[in-house]
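The values are calculated or read from the model by the stated rules, or taken from the named source; none is laboratory data. Since we're looking at a predicted model, the values are computed, not measured. We place every Cβ from the backbone using ideal geometry, glycine too, and count neighbours over all the protein chains shown.
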Amino acid sequence: MKLAVFDVDNVLVRGQSQLKFAWFLFCKGRLSICLIGEIGFSFLLYKLGMNCDLDRLREKSFLVFRGWTKAELQSLCDEFYRKVLVNAMISPCVELLEEHQKAGHQVLLLSASLYPIVDLLRLNLGVQYCIATFLEMQEGVYSGRINGSVPYGQVKMDCVRHFVSDKDVDWKGSYVYADHCSDEIMMSIFGNPVAVNPDKGLLTAARKYGWKVMVV
């Protein structure tokens with residue numbers, strides 16, 4: 001089996017999907033101006049490859065969803081997809097994904113973004129599998145905490161290995177598309193790693209190892 005793993009942010013979607021969703025929630029009156037400012041600044045540091053406490057920010061941000069029902073969050077995610085995300089898709093990368101599907105490759109979306117958002121992408125792109133960040137539910141509502149681990153850095157590679165644990169993967173013939181230096185570890189196990197719109201750290205790694213670079 002040949003695998004084709006696609007990150008979401010800056011690969012399939014222009015920019016940071018969670019930052020876009022945070023702004024969407026702010027415009028709907030569901031997020032404070034202080035929190036949207038903190039989220040925006042932290043994502044800027046992240047994109048520049050500078051130190052920022054993403055774990056603390058995630059914990060604080062996800063508390064917004066405490067007490068929400070699954071239907072309530074899903075409704076907002078559906079509206080967000082229709083009004084925002086569909087207009088931010090990166091066409092060349094979507095076309096690449098479709099080429100992998102036609103070639104019979106197993107496509108996987110892998111992102112630290114919220115599962116309801118990534119799952120909408122999965123459904124609309126006709127992809128069978130996705131791995132993303134789940135929120136914990138207690139007594140029918142979200143607790144405001146994460147359920148499990150966030151697919152980021154080393155965890156992304158662990159997620160990929162777990163996903164294929166019962167599959168015979170042709171790693172040499174498999175592909176991965178990602179944009180951030182934190183993805184370098186995961187990308188190293190693939191025969192065909194592609195740095196898409198890479199940050200400075202990933203671009204340096206791509207040049208060092210001779211990986212393909214796409215700027216779209």
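General remarks:
- From L63, L85, L108, residue being at pLDDT below 90 and hydrophobic (A, V, I, L, M, F, W, C): L63
- Extreme residue, farthest from N124 (Cα to Cα), among residues of region 85-106 that are surrounded by fewer than 18 Cβ atoms within 10 Å (Cβ to Cβ) and aliphatic (A, V, I, L, M): A103
- Considering (1) part of a helix (DSSP H, G or I); (2) at pLDDT below 95, the lone condition that Q101 does not fulfil carries the number (2).
- Residues (more than 27 Å from L35 (Cβ to Cβ), touching a Leu at 6+ places or on another chain (Cβ under 9 Å) and touching a residue at least 40 places away in the same chain (Cβ under 8 Å)) located in region 64-99: I90, C93, V94, L97
- Residues (within 11 Å of the chain's Cα centre (by Cα), under 18 Å from N87 (Cβ atoms) and in a helix (DSSP H, G or I)) located in region 108-132: I117, V118, L121
- For region 171-187, the criterion of a residue being touching a Phe, Trp or Tyr at 6+ places or on another chain (Cβ under 7 Å), modelled with pLDDT of 95 or more and β-branched (V, I, T) is satisfied by at least one position.
- Annotation: D158 fulfils all but one of (1) out of contact with any strand residue (DSSP E or B) (no Cβ under 9 Å at 6 or more places or on another chain); (2) farther than 20 Å from Y115 by Cα; (3) among the charged types (D, E, K, R); the unmet one is (2).
- Residue that is nearest to K83 (Cα to Cα) [pool: residues in region 20-60 that are in contact with a Ser or Thr (Cβ under 9 Å, 6 or more places away or on another chain) and modelled with pLDDT of 75 or more]: F21
- Elements of type strands (runs of 3 or more DSSP E) contained in region 139-198, each with 1 or more residues being surrounded by fewer than 18 Cβ atoms within 10 Å (Cβ to Cβ), at negative phi and in contact (Cβ under 8 Å) with a residue 24 or more places away in the chain: 141-147
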